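The values are calculated or read from the model by the stated rules, or taken from the named source; none is laboratory data. These numbers come from a predicted model, not from an experiment. Quick reminder, even Gly has a Cβ in these numbers, built from the backbone with ideal geometry, and neighbours come from all protein chains shown.
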């Protein structure tokens, strides 16, 4: 079964599933809802369009560089903002705390028996219709999400276990490898998985966003090789 691979590398990423306005958290790796939203942006698909075909993709994430949790104390509305009662508030800015993953790198895999769909997504990532971002609009990727050799004739697990490390610095690769001898963390969609995540998207329609739960397994896999050039098919 073919697999499409994506690269998520940026100074800041944020993948949350249970935030409110005042406190916005982040998970330790990309969420399925976040990745499907990224694919919708690449395709130019509006929020009102269905996402069933994309949500049906089986997803896995390999954490090549775990990243560091960053906390940002954020203020908004200093110049004034419209309140629910229709009045304009000018004295009290909105204060919120936002968390990010700093200096993280992930390889995301999407598996499907519909190769034509994966081919369409691969080309959309190469020439995205709209801006791509990693979880929040303030988190653009520092490297292309598109991988030239990202469409693999391999199942999800094989693709994630064999594709080279997606970081850029060999010195950093060697340091992380020494610090984490048990390998790379792999989070893979699994019907029998012990962990439940509420990030399976049903609708992105404004004011009608809905998500379902899915199960994942977490394990450690051996380190993959380092390679500086892009991997071709």
Inset, instruction - Taking the residues in the range 120-141 that are surrounded by 17 or more Cβ atoms within 10 Å (Cβ to Cβ) and over 20 Å from residue 4 (Cα atoms) as candidates, determine which candidate is modelled with the highest pLDDT. - result: 139
Inset, instruction - Tell me which of these residue 189 doesn't satisfy, since it passes every other one: (1) touching a helix residue (DSSP H, G or I) at 6+ places or on another chain (Cβ under 8 Å); (2) modelled with pLDDT under 95. - result: (2)
Legend entry - Test set (1) surrounded by 15 or more Cβ atoms within 10 Å (Cβ to Cβ); (2) touching a strand residue (DSSP E or B) at 6+ places or on another chain (Cβ under 6 Å); (3) closer than 18 Å to residue 62 by Cα - residue 99 fails condition number: (3)
Inset, instruction - Identify all residues within the range 205-215 that are part of a strand (DSSP E or B) and either touching a residue at least 40 places away in the same chain (Cβ under 8 Å) or closer than 20 Å to residue 162 by Cα (or both); write none if there are none. - result: 211, 214
Legend entry - Flag for residue 28 being in contact (Cβ under 8 Å) with a residue 40 or more places away in the chain and within 22 Å of residue 96 (Cβ to Cβ): yes
Legend entry - The one condition in (1) surrounded by 15 or more Cβ atoms within 10 Å (Cβ to Cβ); (2) closer than 27 Å to residue 119 by Cα; (3) over 17 Å from the mean Cα position of the chain (by Cα); (4) at pLDDT 95 or above that residue 231 fails to fulfil: (4)
Legend entry - Single match in 5, 70 (criterion: surrounded by 20 or more Cβ atoms within 10 Å (Cβ to Cβ) and touching a strand residue (DSSP E or B) at 6+ places or on another chain (Cβ under 9 Å)): 5
Inset, instruction - Scan (1) touching a helix residue (DSSP H, G or I) at 6+ places or on another chain (Cβ under 8 Å); (2) over 30 Å from residue 22 (Cβ atoms) for the single condition residue 108 breaks and write down its number. - result: (2)
Inset, instruction - Give, as residue ranges, the helices (runs of 4 or more DSSP H) completely inside the range 92-200 that count at least 2 residues that are within 23 Å of residue 38 (Cα to Cα) and in contact (Cβ under 8 Å) with a residue 24 or more places away in the chain. - result: 115-126, 156-162
Legend entry - Every residue from the range 36-54 that is surrounded by 19 or more Cβ atoms within 10 Å (Cβ to Cβ) and either farther than 30 Å from residue 95 by Cβ or without any contact (Cβ under 8 Å) to a residue 12 or more places away in the chain (or both): 36, 39, 40, 42, 45, 51, 54
Inset, instruction - Scan the range 70-95 residue by residue and report those that are at positive phi and at pLDDT 65 or above. - result: 86
Inset, instruction - Among the candidates 164, 144, 201, 148, single out the residue that is within 18 Å of residue 10 (Cβ to Cβ) and either surrounded by 12 or more Cβ atoms within 10 Å (Cβ to Cβ) or within 16 Å of the chain's Cα centre (by Cα) (or both). - result: 144
